[in-house]
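Worksheet: the structure to be examined is printed underneath.
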Amino acid sequence: MPVNSFENYPMTWKPDKNLLKTPLYLSLAELLEQDIVTGRLPVGTQLPPQRELADFLDINLSTVTRSFKICTQKGLIHAVIGKGTFVSPNPSIPLSSLKKDKTCICLSVLRPYYQLNHIVADVSRELLQSQSVDRLFEFDANQTEQRQKIIAQNWLQNFQVRASVDNILLTYGSQNALAVAFLSLFKAGDKIAVDSFTYTNFIALANQFHIELIALKSDNKGILAEDLAIKVKQHNLKALYLVPTSNNPTAVDLTLERRKQLADIIVKNHLLLIEDDTYAFTNVTKIPPFARIIPQHTIYIHGLSKSLFASLRLAYMVVPDNLSNLFIKTANTLNIHIPLFNAQIVNELIVSGKANQVIERKKLLTKERNTLYRQYFPESASANSYALFQWLSLPKHIDGYAFEKLAKQEGIEVLCAERFFTGSLIEQSAIRIAICSPDTVEELEEGLIILNNLYSQI
């Protein structure tokens, strides 16, 4: 009998190796899923040892391991220590036998590792079981505000922001903080300079308040200082909005040199800067924020939804001394006070050290996923290995919305550059790929393979 011939070998499952396609681990997982759901492998069936199956199919052991892991996560199979791997009872219930054409791999909306939500769930349960839980549902803005601000003050020091508690506001997420800034500082017709590709919700807010956005040119180091200098003279700019670390959507990090150049122009022209530092936790090179460089010209916003958990809806806002009373007045008028329960969850996460643990876990996951991304799109990969998304330029003849549609037809959701654009005429479209959103790295790789194939065909 030739080597690796298992034709007469008694195996409980012998998938047809001719049906395997690339990527092999996904194809093998699909074959196993099909045989379980259709009943060809009854409940309780013991599967062949992974090494035997790998030899039978003449593939790597790691490929079989990844396939089994996928099916385990779906509830199709389970391992018993010392005995082997078995088909699970009622495997069709958790699986529901979904076909690919009925669902999409989400690489569009940022869903930063929702699989870690069990951490915040555990903290929430502990709080709900505490003797003092009743007070967390009271409406008293002053109850714990001072303690919350002290915790915020200490937390922000991790990101090189030194702020007095008197200058710190707690808002219901970054979007809420931006709304407070708009209501406090601007009126209809005012002009704010922005990156030509920027945060979509900021664009929406500006439109809502009838604020004109002036697009600035940028390169792989961020906004061009010389273009800001020109636009300041051409327009009566009142402020500048920046996402300096991991700009959403381009994932570009403003270099220290570029930050200093922009800071000089801001100070010289008496501009205000709205610094959205939601992705500060990805700033592993420790480039100082503008709030450290020019604190009296900077309105600093530090959202926690991406670094910790989206549902907490909490952001720390630091304002200059001369604006603190104005912002506090606006905040009180809007009654933006954070629910005590949410605030206490954040406090517990920070004080216990779990917040830092979550961030480190997210950084490890992100680095792994960016390494995978570079395998398929090496030329477009961000220099920041901890960016939650990637920016892939499309050929100049391709419309972004058209590519979105093509990708959706193939089961992949992405967002095109046109959705983030603030200029008048886009020269070249691109797509933002949210590598943080799939639940597993296997799902991400499946999406990248499809995107890569689609990209090579256009």
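The values are calculated or read from the model by the stated rules, or taken from the named source; none is laboratory data. Because the structure is predicted, anything quoted here is derived from the model rather than measured. Here the Cβ positions follow ideal geometry from the backbone for every residue, glycine too, while neighbour counts run over all protein chains shown.
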Handout entry: Given (1) modelled with pLDDT of 95 or more; (2) surrounded by fewer than 17 Cβ atoms within 10 Å (Cβ to Cβ); (3) small (Gly, Ala, Ser), number of the condition Ala225 does not satisfy
Key = (2)
Problem - Ile274 vs. criteria part of a helix (DSSP H, G or I), within 28 Å of Ala383 (Cβ to Cβ) and either out of contact with any Asp or Glu (no Cβ under 9 Å at 6 or more places or on another chain) or in the same structural domain as His297 (by TED's automatic domain parsing) (or both) - result: no
Exercise for the section: Could you tell me whether segment 322-345 includes any residue that is buried (at least 18 other Cβ atoms within 10 Å of the Cβ), of a type in the set (A, V, I, L, M, F, W, C) and touching a Pro at 6+ places or on another chain (Cβ under 7 Å)? Expected result: no
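Among Thr72, Thr38, which is at pLDDT below 90, farther than 30 Å from Phe309 by Cα and of a type in the set (Ser, Thr, Tyr)?
Thr38
Conditions tested, residue by residue: (1) in contact with a Ser or Thr (Cβ under 7 Å, 6 or more places away or on another chain); (2) over 21 Å from Pro320 (Cβ atoms); (3) modelled with pLDDT of 95 or more.
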residue	(1), (2), (3)
Ala188	no, yes, no
Asp195	yes, yes, yes
Thr200	no, yes, no
Lys221	yes, yes, no
Completion exercise
Only one of (1) more than 15 Å from the chain's Cα centre (by Cα); (2) among the aliphatic types (A, V, I, L, M); (3) exposed (fewer than 14 other Cβ atoms within 10 Å of the Cβ); (4) part of a helix (DSSP H, G or I) does not apply to Leu364, and that is (1)
Fill in the blank from the handout: Within segment 382-392, the residues that are over 16 Å from Ile449 (Cβ atoms) and surrounded by 15 or more Cβ atoms within 10 Å (Cβ to Cβ) are Ser382, Asn384, Ser385, Tyr386, Ala387, Leu388, Phe389, Trp391
Problem - Verdict on Lys21 being among the basic types (Lys, Arg) and either touching a Phe, Trp or Tyr at 6+ places or on another chain (Cβ under 8 Å) or surrounded by 12 or more Cβ atoms within 10 Å (Cβ to Cβ) (or both) - result: no
Exercise for the section: Take segment 412-440 and flag every residue that is surrounded by fewer than 16 Cβ atoms within 10 Å (Cβ to Cβ) and either assigned by TED's automatic domain parsing to the domain that holds Thr72 or in contact (Cβ under 8 Å) with a residue 40 or more places away in the chain (or both). Expected result: Gly423, Ser424, Asp439, Thr440
Completion exercise
Considering segment 55-69, residues that are within 16 Å of Lys17 (Cβ to Cβ) and crowded, with 19+ Cβ neighbours inside 10 Å, and then whichever is nearest to the chain's Cα centre (by Cα), we arrive at Ser67
Exercise for the section: Would you kindly identify the helices (runs of 4 or more DSSP H) lying entirely within segment 285-359 that contain at least 3 residues that are under 20 Å from Leu273 (Cβ atoms) and in the same structural domain as Ser174 (by TED's automatic domain parsing)? Expected result: 290-293, 324-334
